[in-house]
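Single-structure report; data block below.
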Amino acid sequence: MEVVRVTKTAAESNQAIACRLSNNLSRLLREFSRDFERRIWQGLEQRGYPDIRPSHSAVFANLGMGAVRVTELAERAQVTQQAMGKMLKELERMGYVARDIDSGDKRAKEIRLTQRGVALAMDTLEVVDQVRSYYGHKIGSQLLDELEANLRQAVRQLQLDYLPESWADSATLEGRDVATSAAVV
């Protein structure tokens, strides 16, 4: 039997490379995340929060319902303290967070949600549930649950040291009182 070698043209090779670069796990995760977050922002805007932007999630997703220091927020969000400070000033002007002097260290500031910030957090949790329900309807609740469980397990096994230990623990998230929820937007 004779072996025939097929040589690809440069255009075919480039197309194959481009396809692999644009169609991979990273891209799939990013597109899923973008769509999920876009739906959250639309839901929040419909609920009367047109001033909240995606960049604010760096604060809310890492703040929780208690007081925390700027340095902790910046570390959790993987941004500089200066960038976090800028976002916090903006959110403080809008009335979502307050900065108080840390009782343990007078040089440091503690960040906490205001009443308006707590209302946003509660509305966000409801919107997230609605978006999750939409996804469950579109792709199936079982597939969505499995996807989340698999991603949570992968994050846990990666041992990302900038995340709180409880972050990847689904047991911590289930059955928790919404008023003490650690993750918001």
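Taken together, the values in this text are just the output of simple stated rules run on the coordinates, not laboratory data. Just so it is clear, the model here is predicted, and its values are computed rather than measured. In this analysis, Cβ positions are derived from the backbone assuming ideal geometry, glycine residues included, and neighbour counts consider all displayed protein chains.
Key figures for this structure:
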read-out: Cut-off under 5 Å, modelled amide H: who pairs with Thr114 long-range; value: Val97, Ala98
read-out: Karplus 3J(HN,Hα) series, Hz, for the stretch 50-62 with 6.51 cos²θ - 1.76 cosθ + 1.60 (x for Gly, Pro); value: x, 7, 7, 10, x, 4, 5, 4, 4, 7, 5, 5, 10
read-out: For the stretch 2-54: rounded, prolate or oblate by the Cα gyration tensor [a/c cutoff 1.5]; value: prolate
read-out: Extension gain (nm, one decimal) between Glu126 and Glu45, 0.36 nm per residue minus Cα-Cα; value: 27.8 nm
read-out: Pairwise label distance in nanometres, Ser26 with Ala119, each label 7 Å out on the Cα-Cβ vector; value: 4.2 nm
